[in-house]
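Notes follow the structure.
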Amino acid sequence: MKRPAPIPDLSAPSRRKRALSEEERALWESVAKHVKPLRKKAAAVKAHAVAPDPLPHQVAAKPIPVKTATPVKAAPEPRPAIPPLAPIGRRERAKLSRGRQEIDARLDLHGMTQTRAHRVLFAFLQRAHHDGLTFVLVITGKGKAGSPDAERGVLRRQVPEWLSLPEFRSLVVGFEEAHIGHGGEGALYVRVRRAR
């Protein structure tokens, strides 16, 4: 039986180096002159082959750069400024407390959760704004005077904070604690902003 011929190891480097011809050396030098490293780290990496210099008859005229108009972005429309809250004037407050100025509508938030009270208050003020009402009375209650653990007057504290929020300020000019005849510290006079 014949022995199979040994398979040559192609992964091993060749011991003999081939010398470059004069033509190959000239080509390599012209390529090496035009190679620029992309980054400092890339200088150590071997350069890839680049096409040789074009012959004079192959040189094309440099294209003239054309300036294109960059599109101008339209400035975003400014948001309408949220109007600040203003206190109810002394004269108007006195008229309300004496019954000379009519309260156009009342809202009683007793017994509601904060979530429901917030939603109901917002809808009420939207309706009052839409209907062109001027003064409304919002009754929050004073809170339960029972156990010392329970928070007292949650809505009484929360409603003024809500009325100061941007979503409410577009509907409300201002608010103040009501006269004792209308609920005192458990109610608020709210002046509704006029619809434009």
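The values are calculated or read from the model by the stated rules, or taken from the named source; none is laboratory data. Quick caveat: nothing in here was measured; it's all calculated off a predicted structure. Neighbour counts are summed over all protein chains in view; Cβ atoms, including those assigned to glycine, are modelled from backbone coordinates with ideal geometry. Surface areas here come from the heavy atoms of the whole protein model, side chains and all, with no ligands, DNA or RNA. Shrake-Rupley method; radii C 1.70, N 1.55, O 1.52, S 1.80 Å.
Data for the structure
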| quantity | calculated |
| --- | --- |
| Checking residue 139 against (1) touching a helix residue (DSSP H, G or I) at 6+ places or on another chain (Cβ under 7 Å); (2) at pLDDT below 90, the condition it does not meet | (2) |
| Of all residues in region 58-114 being open to solvent by 100 Å² or more (accessible area, probe 1.4 Å), outside any helix (DSSP H, G or I) and under 23 Å from residue 139 (Cβ atoms), the one that is modelled with the highest pLDDT | 106 |
